[in-house]
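Trainee: This is the structure I have questions about; it appears just below.
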């Protein structure tokens, strides 16, 4: 075998006949990208090459002007090249991470728009959907992004609704929620490009327990998160999460789950050591925190989006939970950036 920079030597092997050109995959890196998501996308490609001993894939990194990019964990990546136009057989992914609304780069947005127009398959990793939306490439396709950033995305793009799934592949658009879901998405691509057996072997090499289907939810079920299978408690929490902007009355939640208000109170105290009202306010305040981080909305707009009657009411609740006001939190972030 001829030594190739995209093929490493390893102990495990997978017999595979392949005499075609490699698939080139380009990653457009944005500042504060999540390194875990990026590496989770690249490693399955590397391993597929390694175990077959063939260059099935090649991968390249890019930034808007070819300059180094610092990840959210402060690791710096020097890209292979500045942005350039690709061919139709290539695939292109925008890799983003924290603060996706503020790290958008017009050059990358225009580049995505141009590649899509030329028939290149494009996608987003972690919060890459912010760039895809800005480029106008999200239309009737299913798509997703990291669950933490979905509330902020919804406020900026109210007409676009991401799924809660680990990853989506629809009408030439590939997106995933980041983290390990990038591995699941790439394993799916390896299976489609080559074979299910190869994808299984790559997953085993990654010590990755592959999601059985694309539609797997990014977050643990409420039963797992709460440590209980009590159906009434779980339903009550789900009702709260579905109605953060326009809060329900606790009595209405109790009626819907088939309990009296006093019974619902005891249920929450037993499992969560908080009242239903306290849990509801904390979840709405957490939504406000997310919107402060991911959007440029005013405090008054965020208060409304999180179900508070005024910016002052939000500030009071915010101080109790986080120890400072929304304004002070934003000032701290500005000072650190």
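Trainee: Quick one: count up the residues across the range 304-327 that are buried (at least 17 other Cβ atoms within 10 Å of the Cβ) and within 17 Å of residue 278 (Cα to Cα).
Mentor: Number satisfying all stated conditions: 7.
Trainee: Quick one: how many residues across the range 159-203 are more than 18 Å from residue 90 (Cα to Cα), out of contact with any helix residue (DSSP H, G or I) (no Cβ under 8 Å at 6 or more places or on another chain) and part of a loop (DSSP other than H, G, I, E, B)?
Mentor: Residues meeting the conditions: 2.
Trainee: Considering only residues that are assigned to a helix (DSSP H, G or I) and surrounded by fewer than 24 Cβ atoms within 10 Å (Cβ to Cβ), which ones fall in the range 109-132?
Mentor: Within the range 109-132, 109, 110, 113, 114, 116, 117 qualify.
Trainee: Being touching a strand residue (DSSP E or B) at 6+ places or on another chain (Cβ under 6 Å) and outside the structural domain of residue 176 (by TED's automatic domain parsing) is true for just one of 16, 6. Which residue is that?
Mentor: 6
Trainee: Please enumerate the residues belonging to the range 267-276 that are in a helix (DSSP H, G or I) and either within 12 Å of residue 230 (Cβ to Cβ) or modelled with pLDDT under 95 (or both).
Mentor: 267, 268, 269, 270, 271, 272
Trainee: Sticking with this structure for a sec: Among the residues of the range 186-216, which ones are farther than 25 Å from residue 11 by Cα and either touching a residue at least 60 places away in the same chain (Cβ under 8 Å) or buried (at least 18 other Cβ atoms within 10 Å of the Cβ) (or both)?
Mentor: 211, 214, listed by residue number.
Trainee: When you look at residue 67, is it at pLDDT 95 or above and either surrounded by fewer than 20 Cβ atoms within 10 Å (Cβ to Cβ) or assigned to a loop (DSSP other than H, G, I, E, B) (or both), yes or no?
Mentor: Yes, satisfied.
Trainee: Kindly check whether there is at least one residue in the range 97-104 that is out of contact with any strand residue (DSSP E or B) (no Cβ under 8 Å at 6 or more places or on another chain), at positive phi, in contact (Cβ under 8 Å) with a residue 60 or more places away in the chain and surrounded by 13 or more Cβ atoms within 10 Å (Cβ to Cβ).
Mentor: So far as the range 97-104 goes, yes, one or more of its residues are out of contact with any strand residue (DSSP E or B) (no Cβ under 8 Å at 6 or more places or on another chain), at positive phi, in contact (Cβ under 8 Å) with a residue 60 or more places away in the chain and surrounded by 13 or more Cβ atoms within 10 Å (Cβ to Cβ).
Trainee: Taking residue 175 and the conditions (1) out of contact with any strand residue (DSSP E or B) (no Cβ under 8 Å at 6 or more places or on another chain); (2) modelled with pLDDT of 95 or more; (3) crowded, with 17+ Cβ neighbours inside 10 Å, which numbered condition does it fall short on, given that it satisfies the others?
Mentor: That leaves (1) as the condition not met.
Trainee: Looking at the range 324-335, I want the residues that are not assigned by TED's automatic domain parsing to the domain that holds residue 301 and assigned to a helix (DSSP H, G or I) and have a partner that is surrounded by 13 or more Cβ atoms within 10 Å (Cβ to Cβ) and modelled with pLDDT of 90 or more with Cβ atoms under 7 Å, at least 6 apart or on another chain. Which pairs are those?
Mentor: The qualifying pairs do not exist here.
The values are calculated or read from the model by the stated rules, or taken from the named source; none is laboratory data. What you are looking at is a predicted structure, and each value in this text was computed from that prediction instead of being measured. Glycine also receives a Cβ, built like all others from the backbone with ideal geometry; neighbour counts cover every protein chain displayed.
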